[in-house]
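Everything below concerns the one structure shown next.
Throughout, read-outs are computed from the coordinates displayed, never taken from laboratory work. Keep in mind it's a predicted model, so treat the numbers as computed, not measured. Here the Cβ positions follow ideal geometry from the backbone for every residue, glycine too, while neighbour counts run over all protein chains shown.
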Amino acid sequence: MCHNHDNLRSNNKDLQAVEKQLDRRNFLTKTSMGLGAIALGSLLSAEKALASVKGESNQLSSNFLSRNRLGLPHHLPKAKRIVYLFQSGGPSQLDMWDYKPKLKKMFGQHLPDSVRQGQRLTAMSAEQSIYPIAPSIFNFKQHGQSGRWASELLPHTSEVVDDLCFIKSMQTDQINHDPAITFMQTGNQLPGRPSIGSWLSYGFGSDNENLPTFITLITKKMVGQPLYSRLWGNGFLPTEHQGIQFRSGKDPVLYLTNPENYDGEDRRKMLNYLGKLNDLQYDAYGDPEINARMAQYEMAFRMQTSVPDVTDVSDEPEYIFDMYGEDSRDPGTYAANCMMARKLLEKGVRFVQLYHQGWDQHVGCPGGVKQQNKLTDQANAALIKDLKQRGMLEDTLVIWGGEFGRTVYSQGELTETNYGRDHHPKAFTMWMAGAGVKSGHLHGQTDDFGYNVVKDPVHVHDFHATLMHLCGVDHERLVFKHQGRRYRLTDVHGNVVKDLLS
C-alpha cells in the first residue's frame with residue numbers, strides 16, 4: 001500500500017512538472033477550454049434531461065450537443081443522408097446525356113476557333129494541328145414524362161429520368177484529374193482540406209452510435225486514375241470525422257477483427273483504462289485530438305459487432321439482387337457497393353461515398369463508355385428504385401457525376417466508329433435525385449457543340465453550396481478556424497442554385 005502511495009505521489013509530481021513547463025499558448029488553450037466546459041456543462045445538464053425523456057444514448061446526446069454548439073441545422077433540412085456516386089475519370093456527357101444532333105452533319109470538321117475561344121487544353125491534345133468534331137455514334141431517345149434525352153447506353157437509368165434532376169451546365173476550374181477530383185471532393189484543388197462527408201460529420205454527427213458518419217466504398221479491380229485516402233479525409237477537422245473505407249472481402253475494415261486466439265473479453269477494460277490515461281493527458285495539454293483519438297478507439301470497439309451485421313447481405317431477397325444485377329452478388333463490384341450503400345443509409349450512416357474508376361477515355365471512347373455503363377447503369381437505376389420503394393428517396397440525396405466532362409473534338413485519330421475525347425472542364429453533366437431537388441428537371445444548357453455553357457452555369461462551389469443547403473446548412477456559416485483563418489467547404493465562393501430546389 002505504501003509503495004503504491006509513493007508511486008501515486010511521484011506520478012502527481014511528474015504531472016505537476018509537465019504543467020509548469022506548459023508555455024503561454026497552452027495555458028491560454030487550457031483556460032479557454034475550461035471556460036468552454038463551463039458553458040458546455042449547462043447545455044449538458046439540459047441534454048441529459050432530454051436524453052432521459054427520449055431514451056437516447058450518450059453518443060446521440062453528444063451529437064445533439066455538437067449540433068447545438070454549431071447552431072445546426074440553420075434551416076429545416078430536406079436531406080437527412082447522402083449517397084454520392086462519383087465516376088472517376090470524367091464520363092463523356094456527349095455520349096450519354098448531352099444530345100447534339102447537329103454534330104452528325106459536321107463529322108470531322110475542325111472545331112471553330114470561335115467556339116474554342118482559346119480555352120486551356122491538356123498536354124495530350126494541345127499539339128494537334130486540327131480538332132476534328134466527333135459526334136456520338138450512339139442513338140439517343142427521349143424518355144419519361146419529362147422527355148429527357150438519354151443514349152442507348154443507359155436503358156436502366158432511362159427508366160428513372162423522371163426522378164432525376166439534371167445539371168447540364170456544370171463547370172470546374174481544373175483540367176487535370178488529381179486537382180479536379182480533389183476540387184470536387186473538398187472545394188479546393190490542393191490537398192489538405194476536409195472532404196464533403198467530413199464537413200457533414202463535423203456539423204451533424206451520426207444517427208447510429210455503432211457506425212461512422214461517413215463511409216467510402218470503392219469498386220474493386222478497376223483501373224484508372226489513382227484514388228487517395230485524402231479524398232475522403234478530414235483535413236484539419238478532428239480525425240474522428242474522416243471517412244472510413246469499407247473494403248470487399250473478409251475484413252471490410254482493416255485491423256478491426258481480433259487477433260487469432262484472442263476472444264476480446266478484456267478489451268472493454270483496456271479501453272476504460274486507456275480512457276483514464278487520455279483524460280490525464282488531456283487535462284495536462286488540452287489537445288482536442290486526444291479526445292478525438294479516444295472517440296475513434298470507442299467507435300472501432302463498437303464496429304467490431306456492427307460491421308459484420310451491416311455487411312451481411314444474406315438476408316436480401318432474390319428480387320433485390322435481380323434489381324441491382326448479377327454483379328451485386330459479388331462483393332466489391334459497383335452493383336454490390338450500390339446495394340451496400342442503401343443498407344448503410346438504412347442503418348443511419350449520414351454520408352456514403354462510392355468511387356468508380358475507369359471513365360478516362362482518351363482513346364477508344366465508344367467502347368470504354370459502353371463498358372462502363374454495363375457496369376454501372378443498372379445499379380444506378382436500382383438504387384433510385386430501391387430507395388423509392390422503401391420511402392427513403394424523399395429524404396435521401398443521390399448524386400452522380402465525375403470531376404469534369406469530355407471534349408467534342410477527337411483526341412487522336414477519328415474514324416466512323418472510333419474516337420478519343422480529352423478532358424473538358426467548362427461544360428459537363430451531373431444529376432441528382434431525391435431530397436429537395438426537382439424531379440425530371442433540366443437545368444442549364446450548352447451550345448450546339450456541347451463545348452460552352454450558354455445558360456445557367458453551375459460552378460463546383462455553387463454545387464457544394466446547394467448540397468449543404470439541402471442538408472439544412474448555410475454554407476457561409478459552417479466554418480472551422482485553422483491557423484488563424486476561418487475555412488468552409490465553399491472557400492469564399494458559391495451560391496445556392498435555387499432553380500434546382502423543389
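Counting only residues 5 or more places away or on other chains, whose amide H sits under 5 Å from the amide H of HIS362 once H atoms are built in the peptide plane?
When sequence neighbours closer than 5 places are left aside, the close amide H contacts are ARG421.
Give a residue-ordered list of calculated ³J(HN,Hα) values for the range 109-125 (Karplus: 6.51 cos²θ - 1.76 cosθ + 1.60, θ = phi - 60°; whole Hz; x for Gly, Pro).
Each residue's phi maps through the Karplus curve to give 6, 5, 5, x, 4, 5, 8, 5, 6, x, 5, 4, 10, 6, 5, 6, 10 Hz.
Relative contact order for the range 321-474: what is it in percent, counting Cα pairs under 8 Å that are at least 6 residues apart?
Numbers: 187 pairs, mean separation 27.0, N = 154.
With pairs under 8 Å counted, the relative contact order is 18 percent.
Mind checking the alpha-carbon convex hull of the chain and giving the volume per residue in Å³? Write down the numbers at each step before the final one.
On the way: hull volume 90.3 nm³, N = 502.
Spelled out: Cα convex hull of the chain, divided by residues, is 180 Å³.
With 10 angstrom as the radius, rank LYS102, LYS438, LYS78 by how many other C-beta atoms surround their C-beta, starting from the fewest. Write down the numbers at each step before the final one.
On the way: LYS102 9, LYS438 16, LYS78 19.
Listed from fewest to most nearby Cβ atoms, that is LYS102, LYS438, LYS78.
Given the -39500 (n - 2.57) contribution per DSSP H run of 4+ residues, what per-residue ellipticity at 222 nm results for the chain, rounded to the nearest 500 deg cm²/dmol? Don't skip to the answer; put the middle values down first.
Values: 12 runs with 185 residues, N = 502.
Dividing the helical sum by the residues of the chain leaves -12000 deg cm²/dmol.
My understanding is that a pair violates if its Cα-Cα distance is over 27 Å; which of LYS220/LYS374; LYS168/LYS481; LYS100/LYS221; LYS102/LYS370 do that in this structure? Mind showing how you got there, number by number?
On the way: LYS220/LYS374 15 Å; LYS168/LYS481 35 Å; LYS100/LYS221 34 Å; LYS102/LYS370 22 Å.
Among LYS220/LYS374; LYS168/LYS481; LYS100/LYS221; LYS102/LYS370, the Cα-Cα distance tops 27 Å for LYS168/LYS481; LYS100/LYS221.
Starting from the Cα of LYS385, draw a straight line to each of the lysines and keep only those under 16 Å, dropping any in the same chain fewer than 8 residues away.
Hits, sequence-local ones excluded: LYS343.
By a straight-distance test (C-alpha under 19 Å), which lysines pair with LYS276 as possible cross-link partners, with residues fewer than eight away in the same chain excluded?
LYS13, LYS30
May I ask for the net charge around ILE130, where only other residues with Cβ less than 14 Å from the Cβ of ILE130 are counted and Lys, Arg are +1 while Asp, Glu are -1? Kindly include the intermediate steps, with their values, before the conclusion.
Numbers: positive: ARG116; negative: ASP113, GLU127, GLU413, ASP422.
Neighbour charge sum, excluding ILE130 itself: -3.
Under unit Cβ charges (Lys, Arg +1; Asp, Glu -1), what dipole magnitude, rounded to 20 debye, does the range 189-247 have relative to its Cα centre? Mind showing how you got there, number by number?
Numbers: 5 positive and 3 negative charges, 83 e Å.
For this selection, approximately 400 debye.
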